[in-house]
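Reviewing the structure listed below.
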Amino acid sequence: MNDRSTNDSSDRDERDDRLTTPWGEHVLSRFPEDPRDRLRAWDASDEYLLGHLAEREIPLDGTVVVVGDRWGALVTALAAHRPVQITDSHLTREATRRNLERSGAEPGSVRLLTTQDPPPDRVDVLLVRVPKSLALLEDQLLRLAPSLHGGTVVVGTGMVKEIHTSTLRLFERIVGPTRTSLAVKKARLIFAEPDPALKRPINPWPLGYRLPDDVGPLAGRPVVNHAGVFCADRLDIGTRFFLQHLPEPGDFRRVVDLGCGNGVVGTAVALADPNAELLFTDESFQAVASARETYRANEIAGQAEFRVGDGLAGVPDGSVDLVLNNPPFHSHQATTDATAWRMFTGARRVLRPGGELWVVGNRHLGYHVKLRRLFGNSRLVAGDRKFVVLRAVKE
């Protein structure tokens, strides 16, 4: 599969890395930086929002909060107004830091918060880059709603294909009366007027449920999901298949649940082998919080570490016996296997000789080809019409 999507609105040529805004021109990049990457760090919805703020001369001298800024384009452009960024993504935070530094922004001009941090007590301007997950949008709006006041300016932005009737209803239900703009370059704005008298629903997140009876050591066990985690309200079928075909316990001491999501895979290993030392890692703050709470809810006596980061960065070479991985094949709206490739190369680096990488994925993605290129081997452990579980050994 081609690593570079041609159907994402942020496709660019190699020279198109400058975002021109009413506040200046900025050279922006994604993180991790890759000179072969043809996806830029902003899209038409970011440009539309920034242009609207300048054209309408919206005051930005109060507390400006930016939610869901994918690679820091919005807060980099608005850095002189000392905005607050709230993100679920470690990679977004790293991209933001580098883009701010590259733009010459004053150190500390942007306050970087995660979706797990308490939001500011007062918000005068709320800018929302609509996320792919409606649940994450719901959670963040409910967390921010008490900080809004009658004069707060609330503007959302996204590509037309990302904004649905359900998106608008969510703003209406949590913020107040909501309308949309005309579409420009396939992007649209959302305008919501805070209603201080609005009776808002109780935040349902995090969500807990018990697993079905056909998932090995996790049968009937509790799971905790924060908003935005993949398949937060149920066990996805790929993970279910993986849980039915995990390695036999007892042969691996140091185990990594790479891209852990809610942590059910690593938790299953820990329940089957209390002597195993687990590392749960993900680039999502919501995911790692879910994994930690899932692990604790199962009252496991073993050793576990929970880390938000860029894959296996920081894990010593040759220090791991087993890596378990269900890699994503999307980056926001773009389809790409670049993340999977980085996960596989990271796994090979941290595995000791004889250590194993176990991967579950859709059959059509052809991960066995990449594993053979990287490890020199790949064995099919199990498969059905949709999924395969593959095993690669570091020689």
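Is region 279-332 best put as rounded, prolate or oblate by its Cα gyration tensor, with a ≥ b ≥ c the root eigenvalues, rounded for a/c under 1.5, and otherwise prolate when a/b is larger than b/c, oblate when not? Write out the running numbers ahead of the final one.
Details: a/c = 1.91, a/b = 1.14, b/c = 1.67.
Note, shape of region 279-332 comes out oblate.
In whole Å, largest first, what are the principal axis extents of the Cα atoms in the chain?
Result for the chain: principal-axis Cα extents of 63, 49, 40 Å.
How far is it, in nm, from the label point at GLU57 to the one at THR20 when both lie 7 Å from their Cα along the line to the Cβ?
That separation, rounded to one decimal, is 2.4 nm.
What figure in square angstrom, to the nearest 10, would you give for the accessible area of ARG98 with a 1.4 Å probe?
ARG98 exposes around 90 Å² with every protein chain in place.
Measuring from the lowest to the highest alpha carbon on each principal axis, how far does region 36-165 reach, largest first, in angstroms?
Principal extents (largest minus smallest coordinate, Cα): 44, 34, 33 Å.
What 222 nm value per residue comes from the helices of the chain, counting each DSSP H run with n ≥ 4 as -39,500 (n - 2.57) and dividing by all residues, nearest 500 deg cm²/dmol? Spell out each step's value before the answer.
On the way: 10 runs with 103 residues, N = 395.
Roughly -7500 deg cm²/dmol at 222 nm, from the helical runs in the chain.
Distance in nm between label sites at CYS231 and VAL369, each 7 Å beyond Cα in the beta-carbon direction?
Taking the two extended label points, one gets 2.5 nm.
Can you give the charge dipole size of region 267-395 about its Cα centre, rounded to the nearest 20 debye, using +1 on the beta carbon of Lys and Arg and -1 on the beta carbon of Asp and Glu?
Details: 16 positive and 14 negative charges, 132 e Å.
In debye, rounded to 20, region 267-395 gives about 640.
How do LYS386, LYS394, LYS186 rank by accessible surface area computed with a 1.4 Å probe, from largest to smallest?
Working: LYS386 100, LYS394 35, LYS186 155 Å².
Highest to lowest solvent-accessible surface, that is LYS186, LYS386, LYS394.
Over 31 Å between Cα atoms: which of LYS132/LYS199; LYS186/LYS370; LYS161/LYS394; LYS161/LYS386; LYS132/LYS386 fall into that group? Write down the numbers at each step before the final one.
Numbers: LYS132/LYS199 26 Å; LYS186/LYS370 35 Å; LYS161/LYS394 42 Å; LYS161/LYS386 27 Å; LYS132/LYS386 24 Å.
Over 31 Å apart, Cα to Cα: LYS186/LYS370; LYS161/LYS394.
Cα centroids of region 284-305 and region 204-236: how far apart, whole angstrom?
Here the answer is 12 Å between Cα centres.
Return the distance in nm (one decimal) between the two label points of a simple spin-label model at ASP213 and PHE329, each offset 7 Å from Cα along Cα→Cβ.
3.4 nm
Ignoring ligands, DNA and RNA, please state the percent of accessible area on region 232-271 from carbon and sulfur, probe 1.4 Å.
Carbon and sulfur together cover 43 percent of it.
Peptides 268-280, 201-213: what's the order by average Cβ count within 10 Å, highest mean first? Intermediate values should be presented prior to the final figure.
On the way: 268-280: 20.6, 201-213: 13.5.
Averaged packing, sorted descending, gives the order 268-280, 201-213.
Summarise the accessible area of region 47-96 (1.4 Å probe, protein heavy atoms) by the percent that is carbon and sulfur. Before the final figure, lay out each step's value.
Numbers: 730 of 1620 Å².
So the carbon and sulfur contribution to the accessible surface is 45 percent.
In Å², what does the accessible area per residue of the chain work out to with a 1.4 Å probe? Walk me through the numbers before you get to the answer.
On the way: 17590 Å² over 395 residues.
Ligands and nucleic acids excluded, the result is 45 Å² per residue.
Identify, among MET343, PRO222, THR63, the residue whose Cα sits farthest towards the positive end of the charge dipole of the chain, taking +1 on the Cβ of Lys and Arg and -1 on the Cβ of Asp and Glu, with the dipole about the Cα centre.
MET343
Where both residues lie in the chain, what percent of DSSP beta bridges are antiparallel, nearest 5?
Numbers: 33 of 69 bridges.
Roughly 50 percent of the DSSP beta bridges within the chain come out antiparallel.
The values are calculated or read from the model by the stated rules, or taken from the named source; none is laboratory data. Worth saying up front: this structure is predicted, and the values here are computed from it rather than measured. Positions of Cβ are generated from backbone atoms using ideal geometry, with glycine treated the same way; all protein chains shown enter the neighbour counts. For the accessible areas, the whole protein counts, side chains as well, though only heavy atoms, and no ligand, DNA or RNA atoms are used. Shrake-Rupley method; radii C 1.70, N 1.55, O 1.52, S 1.80 Å.
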